[in-house]
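Chemist: A single structure is presented below for examination.
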Amino acid sequence: MPPRDFRNAARHRPPDGSGPLRRPSFLVRIWRWRTETALAAATGAVAVLVIAALREGDWWPFLALTSTVMAPAVTSSGRGRIRAHLYCVVSRHRIQRVCMEIPSLHTRTGRIPLIMRITPTAAGERVVIMTRAGICASDFRAHAEEIAAACLAQRVTVSRHPRRANMIIVEIVRRGASTPVGLSPEFERLYGETGWTTPRKRSRETGEEPRGHGLPRTA
């Protein structure tokens with residue numbers, strides 16, 4: 001008899017209980033594509049202003065715009081920042097796709113967890129997620145390999161808030177750079193807590209849950 005895959009047995013909901021995902025509303029689609037929407041709106045507004053200035057024979061807005069765009073691209077640090085933020089945008093959509101594809105990461109009505117914030121780190125990206133009812137940090141921990149594969153990363157780690165179990169952090173590790181373990185002062189100021197813990201993972205042999213490990217405070 002083949003060994004039982006505990007993750008699939010415990011974390012995947014039966015297909016007849018999940019049903020097809022409903023089409024998200026217009027506001028939900030705007031929220032998921034908020035970065036691209038804001039960038040397109042800003043680009044369109046700047047383009048209109050530059051065209052209007054050029055028609056009047058004023059070249060200074062065009063020169064200022066091209067200088068602003070080209071300045072980050074000619075330096076290695078500027079290109080690194082642009083690349084890091086592009087990875088953030090891509091990772092957000094890939095995590096949303098994983099949540100839509102895996103039954104245990106969305107509700108029976110098709111609602112997926114909210115990605116509240118995603119920021120670049122030295123090793124990859126840090127994602128703050130607010131889960132829906134019926135979804136917990138252990139569900140994300142059980143599908144860490146799927147998330148890592150979708151984000152084209154080496155691995156991901158999942159931590160949860162010590163008091164609000166619906167708030168979790170997904171650390172996407174792309175490079176071998178050393179990232180300080182714990183939370184930055186800015187993060188603590190926004191979310192007000194340290195000691196985010198690794199969710200428990202059941203043993204396949206005994207079914208018991210080992211104790212999680214807290215994240216120490218950064219210096």
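Chemist: Among the residues of segment 115-148, which ones are under 11 Å from the mean Cα position of the chain (by Cα) and of a type in the set (S, T, N, Q)?
Modeler: Across segment 115-148, the qualifying residue is only THR119.
Chemist: Going through segment 61-105 one residue at a time, which ones are part of a loop (DSSP other than H, G, I, E, B) and more than 18 Å from ALA148 (Cα to Cα)?
Modeler: Correct list: VAL74, THR75.
Chemist: Taking segment 92-114 as the region of interest, how many residues are among the charged types (D, E, K, R) and either within 12 Å of the chain's Cα centre (by Cα) or outside the structural domain of VAL158 (by TED's automatic domain parsing) (or both)?
Modeler: Final tally of qualifying residues: 3.
Yes or no, residue by residue, for (1) surrounded by 18 or more Cβ atoms within 10 Å (Cβ to Cβ); (2) closer than 12 Å to ILE169 by Cβ:
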{"residue": "HIS85", "(1), (2)": "no, no"}
{"residue": "SER91", "(1), (2)": "yes, no"}
{"residue": "ARG97", "(1), (2)": "no, no"}
{"residue": "LEU114", "(1), (2)": "no, no"}
{"residue": "THR119", "(1), (2)": "no, yes"}
{"residue": "VAL127", "(1), (2)": "yes, yes"}
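Chemist: If you don't mind, there's one more thing I want to ask. What do you reckon, is ALA133 under 25 Å from ILE168 (Cβ atoms), loosely packed, with under 12 Cβ neighbours inside 10 Å, in the same structural domain as VAL170 (by TED's automatic domain parsing) and at pLDDT 80 or above?
Modeler: It is true that ALA133 is under 25 Å from ILE168 (Cβ atoms), loosely packed, with under 12 Cβ neighbours inside 10 Å, in the same structural domain as VAL170 (by TED's automatic domain parsing) and at pLDDT 80 or above.
Chemist: I've got another one for you. Is it true that ARG141 is in contact with a Gly (Cβ under 8 Å, 6 or more places away or on another chain) and either assigned to a helix (DSSP H, G or I) or at pLDDT below 90 (or both)?
Modeler: For ARG141, the condition - in contact with a Gly (Cβ under 8 Å, 6 or more places away or on another chain) and either assigned to a helix (DSSP H, G or I) or at pLDDT below 90 (or both) - is not met.
The values are calculated or read from the model by the stated rules, or taken from the named source; none is laboratory data. What you see is a predicted model; the values in this text were computed from it and never measured. With ideal geometry, Cβ positions are generated from the backbone for all residues, glycine too; neighbour counts draw on all protein chains shown.
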